[in-house]
Amino acid sequence: MKFLRKILDETGKFVKKTPALKRLYPVFEATDEFFFGTDKTTILPHVMDGMDIKRYMSFVIIALVPATIAGVYFYGLRVLAVIAVSYAFGGLVEVTFSVCRRKPLYEGFLVTGLIFPLILPPGIPLWMVAIGVVFGTLFGKEVFGGTGRNIFNPALVGRVFISLAFPEFFTTMWQKPFWGGLGGLIKFAPDAVTSATPLVNFKSAHFLTGYSSLLFGSAPGSIGETFRIGILLGGIFLIIVKIVDWRIPLSFLASVFILSFFGNIFYPNEFAPPLFQLLSGGLLFGAFFMATDPVTAPLTFSGRWIYGSLLGILTVLFRGLTGFVEGVMFAILLMNAVAPFIDNLIIDIRFKKISSSA
Amino acid sequence: MKVKTFSGGYKLKRFQGQPQDKIIECDLPSEVSIPMSQGFGSELLPSVKVGDKVSRGQIIACDDNKTSSPIHSSVSGIVTAIEKKNYFKRELTMVTIKTGADDGCLKLEGATVRWDKLPNKKIEELLYKSGVSSLDREGIPTSFKTSIIGPEAVEDLIIHGVGSEAYNTSLDILLAGRNLYNFIEGIKILMKIMPKAKVHLAFNKEKKKILERIKKLTTKFTNFSIYPVVPKYPQGYDEVLVPTLLGKRFPYGYSAANIGIVVLNIQAVLKVFEAVGQGKPLIERIVSLCGPSFKENIHIKVRVGTSLEHLLKDRLKDGPCRIILNSLFTGANLNNLSLPVNRTYSQIIAIPESSQRHFLAFARAGMHTDSFSRTFLSAATTTKKIPNTNMRGDERPCIQCGYCSEVCPVAIMPTLIDRYIKLGINENLLRYGIFNCIECNLCTYVCPSKVLLGQHLKAAKIKLIEIGCDQSLCIVPRFDFKEFDEYKGVKKLR
Ligand code: SF4
Ligand code: SF4
């Protein structure tokens, strides 16, 4: 610890002194703060809550661990390479921007960098990961002014971008997961056997994948989206520690359930049964980890109810009536754009205008 | 008895260094300096001169024409100086008295335990003469201009022992033994002088024993109700007590007295009895010494005017610490230890000043860290939380987590107001209720991004007033105009 402190102190002095490196100071500062916390003291109130953004983000990452490990298990060690590429390139964009803007480096990217690979198809080429994450961070976040100001979830922006830019890849990258034994933990990547995802299966052949294989992840899907038990556990964990607001996942999942229940009764060909809807595709992952991203979700609590319910409705409609079987992504992106308006509406209702005569 | 509470707020977990149920008396200081304004009321001119001999309990400042209550000498001795000193950001005259031989405490004339035989006027005079009428935020109304309203205008009297702060003076100590009966007598006295008032007693719901005993003792009272309340911070604030108990809206920015409500705490009611029943002038306070930087966390009975230096001598642990008055969230720093204790002191808190950096601070298990979120182990255990003055994180842009709106006791959205403050300070802020903010600082506490919301809001309020915004503007839309006519003290409405 003392040793590390010494190294950091020396590096800090060096970076500050060297003109060529001076602009990299924020990077150094962020590292320093990461390891040693702060030495600032309070003014009022005299004490502060122990929680800070670093802890906030770390807990999201902890909650993603089961899904990540499952991803490796199902799709081989190559997944780790995908994650590494995502962190490396996304981090690069982040650092570049913080240096150019002379602003401190923030932690938000730690979560985006992990969520992004988890929503990719397992067979994705590494260069595409790099393109996606760079695009997502740039256009999902930095153009809006960085962490806290972004309207769209950067990981989703990247994902949607590559799926629209290279659609041809997206039909062939759904590999069959390893199942049984040590699985992918000792292999690099699955064989090139691809198969259709459960949602596509339903769309094209009205074939319902079994619930247990959906729950445990033996049906194909995105890297981190298929081990649904782990996602549920992670999500509930986040709700318990109060990092995720329960209102969003609850209203999201409930409205999917209700709408598909009735949809399935009246139009069984278009709308899959409710439980299947809940357990397929990226719904659970989206509901617990992406729709709840506080920056892009509404701030008001009633707004969050509306947001969640609309998300559910949109998802079911996208899945049932359009060719984009993976409706969750589009629904979330769309609602991200609507979220500020929902907030404004609620705030307008809640805080009445003060008439000028008063 | 239905438990009452409000939405928002945060129940502070037990911090280390709660005052124990032990009370000692502070030894007499060699001199006291007595500020000429204590509690509610304007500053008075001393009626003594340097060189005068004064007795304990003698009135040394009194002005019947000002909204004020008299001030007494807390020791017997000789006045050695009268000078202006900076006391809590105000220039105040202080009378310094050198302690001499004690010739006993002057008793107030006419005080008797058979106070029910006294006419109201006499009781009010006793309250006034004893200085008790200056206690709490708006004073106790008497016919002697001690509050902004008179006693007959009081519609509701709220007495509270909520204990919602991080550190609270122990109710068990305050109401120990005979004190409980004195407390009940005190309530009766107040009921007598405020004939129209309904009395509401709000008590920490965790103090079941005391609650039961009070309930037994008050069964015959009319116009009297007891409410157990959840000790969520900041339940003890007038602005929160009034809506919680009475369901009335509060005229934020004004005082409870403006709508005919008086809020008193337990110590004030006890003093009421001591003044009327025993003739004791208000020259002593029970102060609790809280926080981990004290060697011993106890209650201490101290004379008004005793310097902090004398009071805290040998009671603090070594090492840098911050000394805070009354509240961990809003209290003033007590940096200058030569300044005296006055009537408003109830807790003195000392916590370690910690600018020390911690290795991987954000990843600690946190057995002793308090947090609104449940991300620390402490959420699952009952260990005492250790307070210190470290920021515990770096300031970051708001991530819209919504914690601040969730805890705000007056249901405004601090982060929304903060966002508009950045866009410019103008009347728009009134719309979002900036003047509703009661400066409890809870939002700053819970914010994971360490945005100093409370301070931003306070600074903006001051600016707004400077540019001529009237606080009442933000009350107008929320209140019926009819009710407004009944507002006492509110003049500029349009
Ligand atoms: S608590 Fe802090 S981060 Fe959360 S919404 Fe309020 S200001 Fe923003
Ligand atoms: S300081 Fe003001 S805005 Fe913040 S929680 Fe308290 S009342 Fe609400």
Among A:Pro45, A:Pro154, A:Pro117, residue whose mean-square fluctuation peaks in a GNM of chain A (springs only between Cα atoms under 10 Å): A:Pro45
Per-residue mean of C-beta atoms belonging to partner chains within 10 Å, peptide B:426-433: 2
Shielding by partners, peptide A:98-106 (average Cβ within 10 angstrom, other chains): 1
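Return a whole-number percent for the relative contact order of the stretch A:139-270, with Cα pairs under 8 Å and 6 or more residues apart as the contact set.
Computed over the stretch A:139-270, the figure is 14 percent.
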Debye, to nearest 20: dipole size of the protein assembly as shown, +1 on Lys, Arg Cβ, -1 on Asp, Glu Cβ: 840
Distance from the stretch B:82-97 to the stretch A:71-131 (C-alpha centre basis), Å: 63
Among A:Tyr75, A:Tyr106, A:Tyr267: highest mean-square fluctuation, GNM of chain A, C-alpha pairs under 10 Å: A:Tyr267
Centre separation in Å (Cα based) which lies between the stretch A:1-50 and the stretch B:273-343: 38
Radius 14 Å from Cβ of A:Ala254, net charge of other residues (Lys, Arg +1; Asp, Glu -1): +2
³J(HN,Hα), Karplus 6.51/-1.76/1.60, whole Hz, each residue of the stretch A:28-39, x for Gly, Pro: 4, 4, 4, 4, 4, 5, 4, 7, 10, x, 10, 10
Gap separating the Cα centres of the stretch A:155-208 and the stretch A:295-358, nearest whole Å: 30
All-pairs Cα distance distribution in the stretch B:115-278, expressed in whole percent, bin size 10 Å: 11, 43, 38, 9, 0
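Just add up the charged neighbours of B:Lys192: K/R +1, D/E -1, any other residue whose Cβ is under 15 Å from the Cβ of B:Lys192.
Numbers: positive: B:Arg114, B:Lys117, B:Lys121, B:Lys122, B:Lys188, B:Lys196, B:Lys198, B:Lys220; negative: B:Asp116, B:Glu124, B:Glu125, B:Glu152, B:Glu185.
Cβ neighbours under 15 Å give a net charge of +3.
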Average partner coverage of B:354-361, which counts Cβ from other chains inside 10 Å: 6
Above-threshold pairs, the threshold being 28 Å between Cα atoms, out of B:Lys192/B:Lys215; B:Lys117/B:Lys215; A:Lys54/B:Lys461; B:Lys295/B:Lys385; A:Lys242/B:Lys463; B:Lys207/B:Lys450: A:Lys54/B:Lys461; A:Lys242/B:Lys463; B:Lys207/B:Lys450
The stretch A:188-315: mean projected area of Cα convex hull, nm²: 8.9
Other-chain or far-sequence residues with amide H under 5 Å of B:Cys321's (modelled H): B:Glu353
Rounded to whole Hz, the Karplus (6.51, -1.76, 1.60) HN-Hα couplings of the stretch B:25-38, x for glycine and proline: 9, 6, 5, 5, x, 6, 8, 10, 10, 10, x, 8, 9, 9
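Students often check this: by mean Cβ neighbours within 10 Å, which of A:122-130, A:208-216 ranks highest, and how do the rest follow?
Details: A:122-130: 18.2, A:208-216: 16.2.
Listed from highest to lowest mean packing, they are A:122-130, A:208-216.
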Filtered chymotrypsin sites (Phe, Trp or Tyr not before Pro), the stretch B:267-370: DSSP coil and at most 14 other beta carbons within 10 Å: B:Phe359
Surface/4 estimate of mean projected area, convex hull on alpha-carbon atoms of the stretch A:53-348, nm²: 14.8
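Can you tell me the alpha carbon radius of gyration of the protein assembly as shown divided by the globular rule-of-thumb value 2.2 N^0.38 Å? Spell out each step's value before the answer.
Numbers: Rg = 32.1 Å, N = 852, 2.2 N^0.38 = 28.6 Å.
That works out to 1.12 for the protein assembly as shown.
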Lys, Arg +1 and Asp, Glu -1 on Cβ, resulting dipole of chain A about Cα centre, debye, nearest 20: 780
Amide H within-cut-off set for B:Lys4, under 5 Å, with H built and near neighbours excluded: B:Val229, B:Val230
Nonlocal amide H pairs with B:Lys198, under 5 Å, H built at 1.01 Å: B:Asp156, B:Leu157
For the stretch B:70-154: rounded, prolate or oblate by the Cα gyration tensor [a/c cutoff 1.5]: oblate
Straight-distance crosslink candidates among lysines, where the alpha carbon sits under 21 Å from A:Lys176 and sequence neighbours closer than 8 are dropped: A:Lys187, A:Lys203
Candidates A:Val295, A:Val47, A:Val241, ranked by Gaussian network fluctuation over chain A, Cα under 10 Å, top entry: A:Val47
Karplus 3J(HN,Hα) series, Hz, for the stretch B:311-316 with 6.51 cos²θ - 1.76 cosθ + 1.60 (x for Gly, Pro): 5, 9, 3, 6, 9, 8
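Any read-out appearing in this document is the output of simple, stated calculations on the displayed coordinates, not a laboratory observation. Computed from a predicted structure; not experimentally measured. When we count neighbours, we look across all protein chains shown, and the Cβ atoms used for this are built from the backbone with ideal geometry, even at glycine.
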